[in-house]
Each structure stands twice: as C-alpha cells, then as structure tokens.
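Quick one: this structure, given as structure tokens, is what I'll be asking you about.
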Amino acid sequence: MKIVVGLGNPGDQYAQTRHNIGWMVLDRLADRAGWAGRGRTRDASSLVMGRFRGLDLALVKPLTYMNESGLAVRKVLAREHAPLVDMLVVADDLALPFGKLRFREGGGPGGHNGLRSIIEELGTERFSRLRIGIGEPDRNAVDHVLSRFHPAERQRLDELLDAAADAVETWAREGTSKAANHHNRFELRPADDDRLAPPGAVDGPPGPDGIRRTRTGWRRSRPPEPDP
C-alpha cells in the first residue's frame, strides 16, 4: 500500500487556496480513480483507498489543520503498519515559482508548518515529499498561502494538477528518485494573455494608475525598482 498525504486546511474558507494545493492533487487522483465522494473520516483524516491502475493507494487528507498535520500522519502510518518509504507527502512551496514540481527524499520543513509538524511527530525527516510551487509572496507570507490563485495561474491550474497527479503515480510505481528525474524538469506553459482579465478588472492586472482591483478591495502595485 502506497500512502499519499496531501496537506491542507479543512473548511470552505480554505478551499482552493494556495496552501491547499496538496488536497487539490489528491482530489484529482480520486477523480481519476472514480473515488470522488467516497472518503471517510478516520484517524483525524479524510481517507479513501483502493486499487487504481495496478496500484494499491491510500489518499489521506489530515483534518487537523496544517500546523498539526503530523498527528494525523502518525495515526495513519500506525494503523496501516506502513514504512516511511511507502509514504509521499504533497505540499505547497512558496519558494518555488508557480507550477514547478520538486521531489525530495528527505530534508527539513523549509518553513512549511505542515511538514514541520510531521517531522516532529515522526521524529525523522526521512520521508519523501512532492513540493508544488505556488509562487513567491508579494506581501505577508501567511496572506499569500491563504490566498486564491490569480487569473493567469487559475488558467493553468488544471494542467498543473494533472502534472502533479502524474508525478504521484510515477512515484508510486518507480520510487522517488526516478520520479524526480522525470518530473522535476516539468515546465508549465505560459499564460495566454488574451484569456486574462483586462487591466482594472477584478483580479486583473493593475490599471494605468498602478492600482489592481481584487475581490477584497483595491491594492496599489509596488513601484518598479530604480535602475542601478
């Protein structure tokens, strides 16, 4: 049994936010397997498992909120008697550009509270993770990870989720090293400018006055850096 843990926060207010992209990837996998809506709550997680394309998979969404994800992960591993080599954690990463994928077989939390909680609960960093780039913040990091994607990102989000789901399947079949060799090179296509909102529209780029309109108000863009 391969266990795939997607990190996120429960609650409608967090759905579709950057911090929940781990959940979105699991939803994409559940859709592919025909498991959508079949999850049950157990061990502080929403859990669905079964056989898909020759793989025995368990898809796990901790329901503990991000900062205590490790509590749920520890319970699931104990119940399934699963070794760490059979677990993959899927998480967002604001240090990576939007759309980049990065497999790692271990390492520190990199500032991610969900990964930090898992490391603390398991007492080890030696588990595989797939980090998905959500872009660097242009404001407070907490506000950024809890925000929704911009139009240029939403336009390509389906492609990114498909690529990440493919990457998880590769990991389950071939392991972290081979998955990294193949999927860490993934490049998301550029956005189509003609499909984006015009300047001044809600969630569009800034208008001539440098002000960007968002669903929560108006924001002035940062002035350009002076030439050196």
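How about the stretch 114-131: which of its residues are within 16 Å of Pro97 (Cβ to Cβ) and either open to solvent by 70 Å² or more (accessible area, probe 1.4 Å) or not charged (D, E, K, R) (or both)? Steps first, answer last, please.
Within the stretch 114-131, the first condition is being within 16 Å of Pro97 (Cβ to Cβ), and the residues that meet it are 130-131.
If the condition is that a residue be within 16 Å of Pro97 (Cβ to Cβ) and either open to solvent by 70 Å² or more (accessible area, probe 1.4 Å) or not charged (D, E, K, R) (or both), then Leu130 is the only one that fits.
Restricting to the stretch 69-79, name every residue that is surrounded by 23 or more Cβ atoms within 10 Å (Cβ to Cβ) and either outside any helix (DSSP H, G or I) or of a type outside the set (Ser, Thr, Tyr) (or both).
Residues of the stretch 69-79 that are surrounded by 23 or more Cβ atoms within 10 Å (Cβ to Cβ), as a first pass: 69, 72-73.
Ala72, Val73, listed by residue number.
Hey, another quick one. Check the stretch 80-96 and report whether any residue there is over 16 Å from the mean Cα position of the chain (by Cα), on the phi > 0 side of the Ramachandran plot, surrounded by 17 or more Cβ atoms within 10 Å (Cβ to Cβ) and charged (D, E, K, R).
Looking for residues that are over 16 Å from the mean Cα position of the chain (by Cα), on the phi > 0 side of the Ramachandran plot, surrounded by 17 or more Cβ atoms within 10 Å (Cβ to Cβ) and charged (D, E, K, R), one finds none in the stretch 80-96, hence no.
Check Gly54, Gly99, Gly34, Gly111 and return the single one that is of a type in the set (Gly, Ala, Ser), at pLDDT 95 or above, under 22 Å from Ala180 (Cα atoms) and open to solvent by 30 Å² or more (accessible area, probe 1.4 Å).
Working: Gly99 fails: open to solvent by 30 Å² or more (accessible area, probe 1.4 Å); Gly34 fails: under 22 Å from Ala180 (Cα atoms); Gly111 fails: at pLDDT 95 or above.
On inspection, the qualifying residue turns out to be Gly54.
Another question, then. Only one residue in Asp12, Asp43 is in contact with a helix residue (DSSP H, G or I) (Cβ under 7 Å, 6 or more places away or on another chain) and open to solvent by 20 Å² or more (accessible area, probe 1.4 Å). Which one?
Numbers: Asp12 fails: in contact with a helix residue (DSSP H, G or I) (Cβ under 7 Å, 6 or more places away or on another chain).
It is Asp43.
I've got another one for you. List the pairs whose first member sits in the stretch 14-25 and is on the phi > 0 side of the Ramachandran plot, whose second member is part of a loop (DSSP other than H, G, I, E, B), and whose Cβ atoms are under 9 Å apart, counting only residues at least 6 apart or on separate chains?
Gln16/Phe149
Residue by residue through the stretch 9-22, note down the ones that are outside any strand (DSSP E or B) and closer than 19 Å to Lys100 by Cβ. Walk me through how you get there before you give the answer.
Initially, the stretch 9-22 is screened for residues outside any strand (DSSP E or B), giving 9-16, 18-22.
Across the stretch 9-22, the qualifying residues are Arg18, His19, Asn20, Ile21, Gly22.
Conditions: (1) open to solvent by less than 10 Å² (accessible area, probe 1.4 Å); (2) farther than 19 Å from Gly175 by Cα; (3) out of contact with any Gly (no Cβ under 8 Å at 6 or more places or on another chain). Val4 meets all but one. Number of the miss?
The failed condition is (2).
Looking at Leu88 and the list (1) at pLDDT 95 or above; (2) closer than 26 Å to Glu187 by Cα; (3) in a loop (DSSP other than H, G, I, E, B), which single condition is not satisfied?
For Leu88, the exception is condition (3).
I would also like to ask the following. Select from the stretch 108-128 the residues that are touching a Lys or Arg at 6+ places or on another chain (Cβ under 9 Å) and part of a loop (DSSP other than H, G, I, E, B) and write down the one among them that is nearest to Glu68 (Cα to Cα).
So in the stretch 108-128, the residues touching a Lys or Arg at 6+ places or on another chain (Cβ under 9 Å) come out as 108-110, 112, 115, 118, 121-122, 128.
From the residues that got through so far, the ones that are part of a loop (DSSP other than H, G, I, E, B) too are 108-110, 112.
Numbers: Gly108: 16, Pro109: 13, Gly110: 16, His112: 12 Å.
Ranking the qualifying residues of the stretch 108-128, first place goes to His112.
The values are calculated or read from the model by the stated rules, or taken from the named source; none is laboratory data. Bear in mind that the values here come from a model prediction, so they are computed numbers and not experimental data. All Cβ positions, glycine included, derive from the backbone under ideal geometry; neighbour counts span all protein chains shown. For accessibility, only protein heavy atoms count, side chains too; no ligands or nucleic acids. Shrake-Rupley method; radii C 1.70, N 1.55, O 1.52, S 1.80 Å.
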